[in-house]
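Here the structure comes first, spelled out in structure tokens, and everything after it is commentary.
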Amino acid sequence: MTPWIDPSQDTDGLGDRQRTLSGPQLADALAQLDSVDPVCAEVIGRLNLRVYPAEPTDRTSYVVLDVHGVSIGVKRRTADLYLHADTTETSDRLIAFEVNGGGEIDHPTS
């Protein structure tokens, strides 16, 4: 497990208590296993995983996965499931997503 966020990186002063696991750390951990699919190893080496402790009204921690230039966040709240997609670092203008096999729904990014 990686350490809590370095206080010098707490730019907003809120003490996010973020934990981060980088792609290289994940790849190193996978290297300890017998065999890893090369395609999976390549993707894992490029992703970043962040975890934030749950807020009082949340049922789970907030987990953010950064991959392909997009950040996807998810947490279970008391009344719902919260999903967040941040595409500000990409040129994507449309997000097509699907919930429970119900067909794709397009959502503009701006």
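Within the shell defined by Cβ-Cβ distances under 14 Å, the residues around residue 67 carry a net charge of -3, with Lys and Arg each +1 and Asp and Glu each -1.
Applying 1/(1 + (r/R0)^6) with r as the Cβ-Cβ distance of residue 91 and residue 40 and R0 = 25 angstrom yields a FRET efficiency of 0.40. Backbone amide hydrogens, once placed in the peptide plane, bring residue 18 within less than 5 Å of 5, excluding anything fewer than 5 places away on its chain. Considering only protein heavy atoms and a probe of 1.4 Å, how much of the accessible area of the range 25-77 is carbon and sulfur, as a whole percent? That fraction is 57 percent.
Using a probe radius of 1.4 Å on heavy atoms only, what accessible surface per residue do you get for the range 27-94? Whole Å² is fine.
That works out to 72 Å² for each residue.
Evaluating 6.51 cos²θ - 1.76 cosθ + 1.60 at θ = phi - 60° for every residue in the range 74-91, the Karplus couplings come out as 8, 7, 9, 9, 4, 9, 6, 10, 9, 10, 10, 10, 10, 10, 5, 9, 10, 8 Hz, glycine and proline recorded as x.
The values are calculated or read from the model by the stated rules, or taken from the named source; none is laboratory data. Being a predicted model, the structure only gives us computed values, none of them experimental. All Cβ positions, even for glycine, are placed from backbone atoms using ideal geometry, and neighbour counts span all protein chains on display. Note: areas computed on protein heavy atoms with side chains; ligands, DNA, RNA excluded. Shrake-Rupley method; radii C 1.70, N 1.55, O 1.52, S 1.80 Å.
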